[in-house]
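Student: The structure under discussion is supplied below as structure tokens; questions concerning it will follow.
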Amino acid sequence: MNILDDVKLQYRTGGMVQKLLFWNIGLFVLATLVDVGLKFSGVAFSYFDYIALSSNTAVFMAKPWTILTFNFFHAGVFHLIFNVLILHFSGRLFNTYFTDKQLFGVYLLGGIFSGLTFIALYFVLGKVSLLVGASGAIMALLMATATYAPFMLLRIPLVGTVKLWHVAFFILLMDLIQLPLENMGGHLAHFGGALFGFMYIKLLQKGVDLTKPISVFLDQLVTIANPKPKTPFRKVHRNTEKKSVHSYGQNKDMTQKQIDEILDKISQSGYDCLTKEEKEFLFKAGK
């Protein structure tokens with residue numbers, strides 16, 4: 001199994017956090033290659049203007065898709081690395097209590113809300129700027145988890161054991177301190193995402209799940225992508241070879257048993273703990 005197949009298998013068997021990591025990293029690499037290609041070809045075109053969110057309402061109305069795209073692109077390598085690390089941390093914590101579909105919904109809606117916060121406050125301040133990065137969406141995940149389980153204990157290297165609300169409070173405090181210094185739009189977007197995460201949990205506790213329409217939409221996409229085959233009526237002949245039927249059933253059970261054991265191994269120790277044979281078996285079974 002080559003590297004590409006290995007990556008495909010990790011994407012297919014990984015959860016929503018891993019998929020979001022793949023999307024953010026993949027889109028950054030693609031955007032970088034496009035940017036380099038345009039510079040070498042001498043084409044006067046900036047893809048950044050078409051994916052970044054502008055605080056100028058007229059520009060935003062002309063490019064409404066940017067309320068989504070800005071959540072999946074980053075301004076530089078260090079910006080990407082920091083957000084990928086925090087996304088992995090926040091996403092794993094969120095998944096402790098909620099589903100992958102809810103995670104994607106909070107990421108998406110939290111990102112949108114953070115973008116609208118950025119536009120609204122910059123409009124009030126009379127400032128114009130561009131915004132990219134998943135920080136607002138990630139803050140929504142972190143704050144949602146901190147609101148739901150504030151006393152969850154975390155062991156942080158060189159610090160010790162702290163409660164989750166301490167981590168969330170510290171990050172928001174750092175945003176507040178840096179607000180007048182640099183990247184004001186990014187910090188305002190963080191507050192917008194955090195506010196959405198807080199509101200999401202409070203509404204969920206009252207029985208209102210804001211991510212439910214997104215979950216339904218994802219279910220419909222899965223149904224469209226993997227439609228159940230229609231089996232026309234046909235005459236069924238009794239198979240008198242009991243031995244072969246029994247053998248087929250055994251083989252099928254053994255295959256499913258192996259798949260279950262491998263998936264259990266992934267959930268306990270991660271994908272990297274699999275042997276080469278197990279990865280190839282899971283890849284073939286996935287087909």
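Student: Within the stretch 14-46, take every residue that is among the charged types (D, E, K, R) and modelled with pLDDT under 85 and give me the one that is nearest to Phe78 (Cα to Cα).
Tutor: Asp35
Student: Among (1) farther than 27 Å from Val77 by Cα; (2) buried (at least 20 other Cβ atoms within 10 Å of the Cβ), which single condition is Pro150 missing?
Tutor: So the condition that Pro150 fails would be (2).
Student: If I go through the stretch 193-236 residue by residue, how many of them are assigned to a loop (DSSP other than H, G, I, E, B), modelled with pLDDT under 85 and within 22 Å of the chain's Cα centre (by Cα)?
Tutor: Here the count works out to 1.
Student: Only residues that are under 28 Å from Gly126 (Cβ atoms) and either exposed (fewer than 14 other Cβ atoms within 10 Å of the Cβ) or small (Gly, Ala, Ser) (or both): list them for the stretch 164-189, please.
Tutor: Passing the criteria: Leu173, Met174, Leu176, Ile177, Pro180, Leu181, Glu182, Gly185, Gly186, Ala189.
Student: Those residues that are of a type in the set (Phe, Trp, Tyr) and touching a Phe, Trp or Tyr at 6+ places or on another chain (Cβ under 9 Å), I need them from the stretch 95-106; list them, please.
Tutor: Once the filter is applied, which keeps residues that are of a type in the set (Phe, Trp, Tyr) and touching a Phe, Trp or Tyr at 6+ places or on another chain (Cβ under 9 Å), the stretch 95-106 yields Tyr97, Phe98.
Student: Still on this structure, please answer the following. Being part of a helix (DSSP H, G or I) and more than 20 Å from the chain's Cα centre (by Cα) narrows it down to one residue among His166, His88, His190; which is it?
Tutor: His166
Student: Now for a different question. Do any helices (runs of 4 or more DSSP H) lying entirely in the stretch 1-58 carry at least 1 residues that are within 30 Å of Lys279 (Cβ to Cβ) and touching a Gly at 6+ places or on another chain (Cβ under 8 Å), and which ones are they?
Tutor: Those helices (runs of 4 or more DSSP H) span 3-13, 16-41.
Student: Out of the residues in the stretch 12-55 that are β-branched (Val, Ile, Thr), over 19 Å from Ala189 (Cβ atoms) and touching a residue at least 24 places away in the same chain (Cβ under 8 Å), which is surrounded by the fewest Cβ atoms within 10 Å (Cβ to Cβ)?
Tutor: Ranking the candidates gives Ile25 first.
Student: If a residue has to be surrounded by 24 or more Cβ atoms within 10 Å (Cβ to Cβ) and on the phi > 0 side of the Ramachandran plot to count, how many in the stretch 103-134 make the cut?
Tutor: 1
Student: Given the criteria of a type in the set (Gly, Ala, Ser), at pLDDT 85 or above, in a helix (DSSP H, G or I) and within 22 Å of Phe113 (Cβ to Cβ), does Ala75 qualify?
Tutor: No; evaluated as a whole, the condition is false for this residue.
Student: Filter the stretch 126-168 down to the residues that are out of contact with any Ser or Thr (no Cβ under 8 Å at 6 or more places or on another chain) and without any contact (Cβ under 8 Å) to a residue 12 or more places away in the chain and list them by number.
Tutor: Residues satisfying the conditions are Gly126, Ile156, Pro157, Leu158, Val159, Gly160, Thr161, Val162, His166.
Student: May I ask you to verify whether Gly91 is buried (at least 21 other Cβ atoms within 10 Å of the Cβ) and closer than 30 Å to Lys276 by Cα?
Tutor: Yes; evaluated as a whole, the condition is true for this residue.
Student: Looking at the structure I just gave you, is Phe70 farther than 25 Å from Lys8 by Cβ, in the same structural domain as Met184 (by TED's automatic domain parsing) and surrounded by 14 or more Cβ atoms within 10 Å (Cβ to Cβ)?
Tutor: So Phe70 fits the description; yes.
The values are calculated or read from the model by the stated rules, or taken from the named source; none is laboratory data. Model, not experiment: these values are computed from the prediction. All Cβ positions, glycine included, derive from the backbone under ideal geometry; neighbour counts span all protein chains shown.
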